[in-house]
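Bear in mind these aren't lab numbers, they're just calculated from the coordinates by the rules spelled out. Values in this document were obtained by computation on a predicted structure and should not be read as measured data. Heads up, the Cβs are rebuilt from the backbone with ideal geometry, glycines too, and the neighbour counts pull from every protein chain shown.
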Amino acid sequence: MEKNIAKASCGTMESSDAYMELEPIAGPTQIALQSVVEHQFGDSIRALAADMLQQAGLEHVRLNIVDRGALECTLRARLEVLIERAEAAAEKEAAHA
């Protein structure tokens, strides 16, 4: 069963951090990445994000990542918080509907 989410964001644009946005879309999942280390780690960052979205049961979402050299543990933590925020925002919207 696909999870319901609403648009959410987390993170900062500080060095060694990442800013992320997640929102539902009608089509297939899209992962957009801007990174200061994209040529070295871009494929790894995209794979990490895709794996975490899949493990969370999220499909039909757009994930925008602006990475400023964050370590993998930071990326994982940011994405985990982002997913929790997106799910909480959807629950809040449903409660007010």
Checklist entry - Which of the residues that make up the stretch 60-86 are more than 18 Å from residue 12 (Cβ to Cβ) and more than 12 Å from the chain's Cα centre (by Cα)? => result 60
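For the stretch 1-39, what are the residues that are β-branched (Val, Ile, Thr) and closer than 19 Å to residue 73 by Cα? Let's see the steps before the verdict.
Step one: of the stretch 1-39, the residues β-branched (Val, Ile, Thr) are 5, 12, 25, 29, 31, 36-37.
Passing the criteria: 12, 31, 36, 37.
Out of curiosity, is residue 26 under 11 Å from the mean Cα position of the chain (by Cα) and either of a type in the set (A, V, I, L, M, F, W, C) or more than 15 Å from residue 65 (Cα to Cα) (or both)? Lay out the reasoning, then the answer.
On the way: under 11 Å from the mean Cα position of the chain (by Cα): no; either of a type in the set (A, V, I, L, M, F, W, C) or more than 15 Å from residue 65 (Cα to Cα) (or both): yes.
No.
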